[in-house]
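Q: Submitted below is the structure of interest, expressed as structure tokens.
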Amino acid sequence: MAALIVVDMQSKQKQHDFIDGSLAVNDAAKTIPRIVQLIEKGNWEVIVVSRDCHPQNHISFADTHNKQPFEAITINDHKQELWPVHCVKNSSGFQLHSAIHDALNQSPNEVIYVDKGCDVDKDAYSAFQASSHDVQSILADHRVQNFYVCGLAADFCVKATAMEGHKVTGLPVAVVEDATAAVDDGSDWRGELQECGVYLARTTEVLL
């Protein structure tokens, strides 16, 4: 009994989102058909869909601190990466990519949407830090025995979700590496995942 976690596939043109805006991830668009395949063809106990969901003055926004995007500052002894304004709740940039949205709406599997980063003074990369739901409880309630993670971005929210998920649930976890893409192509996100006991898989293997 497996679950699929789809991370932050949010996209509207001219918005600061993860597919085609100022926070666009390299090769993000190439992940869309594979994620649609996973949604449509996988036999899932539950599909958990995470969404970045920020207030206008979120702590991670460079504008909030009168700084430039992609700088880092220290807040209460914690390093905070600063980003352009993105995924503001109920804005067009908050919405899921239309192909992902349609596939989820047509899925026979149960779909649960979870929002993270909703608190103005707290950033959250992992879906397991969602404000709206307890993802660990969702997986336990559905008696999930293992789960797969896909979406954006491989070296931030996907990595954080997989690593924290493995840690808090103790379940086998795999990141679907051809259904994700990284902000930094040179980052060793695969090695970091494997060091933490997270597996790597490909869409064709998952759907066997």
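Since every read-out is calculated from the coordinates, none of them should be taken as a lab result. What you see is a predicted model, and the numbers here were worked out from it, not measured in a lab. Note: ideal-geometry Cβ built from the backbone for every residue, glycine included; neighbour counts use all protein chains shown.
Q: When the chain is treated as a GNM, springs tying every alpha-carbon pair under 10 Å, which of Ala130, Ala103, Ala182 comes out with the largest mean-square fluctuation?
A: For the chain, modelled as a Gaussian network with Cα springs under 10 Å, the answer is Ala103.
Q: For Cα pairs less than 8 Å apart in space and 6+ apart in sequence, what is the mean separation divided by the residue count of the stretch 70-208, i.e. the relative contact order in percent?
A: The value is 15 percent.
Q: Would you mind checking the pairs Lys30/Lys67; Lys116/Lys167; Lys79/Lys167 and listing those with alpha carbons more than 28 angstrom apart?
A: The answer is Lys30/Lys67.
Q: What residues qualify as long-range amide H neighbours of Trp83, i.e. H under 5 Å apart, gap of 5 or more or another chain, H built at 1.01 Å from N?
A: Phe61, Ala62, Phe70
Q: If you don't mind, another one. What is the local net charge at Ser107, summed over the other residues whose Cβ is closer than 11 Å to its Cβ (Lys, Arg +1; Asp, Glu -1)?
A: Neighbour charge sum, excluding Ser107 itself: -2.
Q: While we're here: Check Asn146: other-chain or 5+ apart residues with amide H under 5 Å from its amide H, H built from backbone geometry?
A: Amide H to amide H, under 5 Å and 5 or more residues apart or across chains, Asn146 pairs with Ala3.
Q: With each pseudo-label sitting 7 Å past Cα toward Cβ, what's the Lys30-Asn109 distance in nm, one decimal?
A: 2.4 nm
Q: Which distance in nm do the two modelled labels at Ile75 and Thr204 give, with both placed 7 Å along the Cα-to-Cβ direction?
A: Label at Ile75, label at Thr204, 4.5 nm between them.
Q: Hey, which aspartates and glutamates would be in cross-link range of Lys41, C-alpha to C-alpha under 18 Å, not counting anything within fewer than 8 residues on its own chain?
A: Asp102, Glu110, Glu177, Asp178, Glu205
Q: If we count other beta carbons within 10 Å of each Cβ, what is the order of Lys30, Lys116, Lys67, fewest first? Let's see the in-between values first.
A: Details: Lys30 11, Lys116 29, Lys67 14.
Ordered from fewest to most neighbouring Cβ atoms within 10 Å, Lys30, Lys116, Lys67 come out as Lys30, Lys67, Lys116.
Q: Counting other C-beta atoms within 10 Å, which of His65, His133, His86 has the fewest, and how do the rest follow? List each step's numbers first, then the result.
A: Details: His65 14, His133 17, His86 24.
In order of increasing Cβ crowding within 10 Å: His65, His133, His86.
Q: Considering only Ile32, Ile73, Ile47, give the residue with the highest GNM mean-square fluctuation for the chain, with springs between Cα atoms whenever their separation is below 10 Å.
A: Ile73
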